[in-house]
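All remarks here apply to the structure that follows.
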Amino acid sequence: MLDDLFPTTGCRFCAAPTGHSPVCSPCWNDLPWNRSACPRCALPVAAAGPCPGCQRRPPPADLACVPFLLAMPVHQALRALKYRSALAEARWLGQALAGYRARWSPPLPDLLMPVPLHWRRQWRRGYNQAAVLATVLGRTLDIGVDIRTLRRTRATADQIGQSPAARRRAVRGAFVASGTLQGRHVALIDDVMTTGATLFELARCARAAGAQRVELWAIARTPLAADTPGTPTSAIMSS
């Protein structure tokens, strides 16, 4: 089904023949991989293990899995997926995330849950890019996808350019669970992890609904600005 939805005619970057793979090996290796990352918030780190921020204040999730840094050409692909209905981008992005997660030793989750959009925003856009990614991941990893239990109860303002504190305030209490997740091992899916405010708030909601283990999965991570410790770099997309 995925082959029918997202046909492959060659590498999506250089057009070299790839068989059934959407990206050739040289282009794949040149992508902005998040090679050494904090296992709790996915920020790039110099040494293996949690970053200083997560050591001081552990986030409400057990694992953060984000394969790329928010840089070209991943950034361009995510913008096309999010704003231009380029759903074919979800295939190779989802495959990259699935392969990256395979590097970690904990068992795979038993449920994938995309970050929900408010119904007005989803109606205007026509789809939820996180749900599209979750569908690809679910097919690739043979894991069920739940788009109903976690809901966004109110629209939140666009977070582009907002400080981490403002982002946390904007999403506080924005999600509810309409059912139980008692004892479940879930992965929350988003396209970009900027400050983590959205995914952390959704993780708290999943915990309150009974989830035993919560993982945060996204395609790309916005690194911290080198000149402003603790502040994410400016990004065109928010999360």
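Based on this model, can you work out whether A86 counts as in contact (Cβ under 8 Å) with a residue 60 or more places away in the chain and in a loop (DSSP other than H, G, I, E, B)? Against the criterion (in contact (Cβ under 8 Å) with a residue 60 or more places away in the chain and in a loop (DSSP other than H, G, I, E, B)), A86 does not qualify.
Within region 116-144, the set of residues being hydrophobic (A, V, I, L, M, F, W, C) and open to solvent by less than 60 Å² (accessible area, probe 1.4 Å) comprises L117, A130, A131, V132, L133, A134, V136, L137, L141, I143.
Here R56 meets the list (1) in contact (Cβ under 8 Å) with a residue 12 or more places away in the chain; (2) within 23 Å of E201 (Cα to Cα); (3) over 14 Å from the mean Cα position of the chain (by Cα) almost entirely, failing just condition (1).
Looking across L69, L93, L81, L43, one residue alone is open to solvent by 20 Å² or more (accessible area, probe 1.4 Å), within 21 Å of V132 (Cα to Cα), in contact (Cβ under 8 Å) with a residue 24 or more places away in the chain and not basic (K, R). It is L69.
So, in region 145-165, of the ones that are at pLDDT 75 or above and among the polar types (S, T, N, Q), which residue ends up most open to solvent (accessible area, probe 1.4 Å)? Per the stated criteria, the residue is T153.
Restricting G173, G210, G179 to those that are small (G, A, S), in a loop (DSSP other than H, G, I, E, B), farther than 27 Å from L87 by Cβ and at pLDDT 95 or above reduces the list to G210. The residue of region 102-115 that is farthest from A177 (Cα to Cα), among those that are modelled with pLDDT under 95 and open to solvent by less than 70 Å² (accessible area, probe 1.4 Å), is W104. Which of the residues belonging to region 213-228 are open to solvent by 30 Å² or more (accessible area, probe 1.4 Å), over 20 Å from L78 (Cα atoms) and part of a strand (DSSP E or B)? Of everything in region 213-228, just one residue is open to solvent by 30 Å² or more (accessible area, probe 1.4 Å), over 20 Å from L78 (Cα atoms) and part of a strand (DSSP E or B), namely R213. Could you list, in sequence order, all residues of region 178-192 that are open to solvent by 30 Å² or more (accessible area, probe 1.4 Å) and not charged (D, E, K, R)? Those that are open to solvent by 30 Å² or more (accessible area, probe 1.4 Å) and not charged (D, E, K, R): S178, G179, T180, Q182, G183.
Per this entry, R168 is not counted among residues that are part of a helix (DSSP H, G or I), modelled with pLDDT of 95 or more, of a type in the set (D, E, K, R) and surrounded by fewer than 24 Cβ atoms within 10 Å (Cβ to Cβ).
The values are calculated or read from the model by the stated rules, or taken from the named source; none is laboratory data. Please read all numbers here as calculations on a predicted model, not as lab measurements. Glycine gets a Cβ as well: all are built from the backbone with ideal geometry, and neighbour counts include every protein chain shown. Heads up: the accessible areas ignore ligands, DNA and RNA and are worked out on the full protein's heavy atoms, side chains in. Shrake-Rupley method; radii C 1.70, N 1.55, O 1.52, S 1.80 Å.
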